[in-house]
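Heads up: the structure comes next, in structure tokens.
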């Protein structure tokens, strides 16, 4: 088994990508994200954006007014995001990851370095 960061499919001619097929591709991306989570306790990953591939993203207001966003309308893209699972319990203190130093609560409730608790997979 190998690890990858991108899946590409190139067709020699234009094909029709229906909404139903888009949903199926999104579901496959979701399954890959869930498989990642099973191997990385304390982390979450999910598909968060899909549509035409962005080829240019304006950074300043002037860029937006003069050029705007540009898309490759021949390419359908699904992007995924990953971060800490704020609700995951710590193996050391039992406090959720989001309450540890460096996360979302000030002042941090958990004063130890977070270590993900290994939990049994849900059926």
Item to complete: Would you point out which residue out of 51, 94, 98 is in the same structural domain as residue 117 (by TED's automatic domain parsing) and either in contact with a helix residue (DSSP H, G or I) (Cβ under 9 Å, 6 or more places away or on another chain) or not in a loop (DSSP other than H, G, I, E, B) (or both)?
Response: 98
Discussion item. Suppose the filter is farther than 18 Å from residue 115 by Cβ, in a strand (DSSP E or B) and free of Cβ contacts under 8 Å to residues at least 40 places away in the same chain; does residue 77 pass it?
Written reply: yes
Worksheet, complete the sentence: Here the residues within the stretch 29-49 that are in contact (Cβ under 8 Å) with a residue 60 or more places away in the chain and loosely packed, with under 14 Cβ neighbours inside 10 Å are 38
Worksheet, complete the sentence: Within the stretch 17-42, residues being under 27 Å from residue 119 (Cα atoms) and part of a loop (DSSP other than H, G, I, E, B) number 3
Worksheet item: What number goes with the only condition from (1) part of a strand (DSSP E or B); (2) surrounded by fewer than 15 Cβ atoms within 10 Å (Cβ to Cβ) that residue 14 does not pass?
Response: (1)
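The values are calculated or read from the model by the stated rules, or taken from the named source; none is laboratory data. Remember, predicted model here, so these are calculated numbers, not experimental data. Using ideal geometry, Cβ is built from the backbone for each residue, glycine included, and neighbour counts are taken over all protein chains shown.
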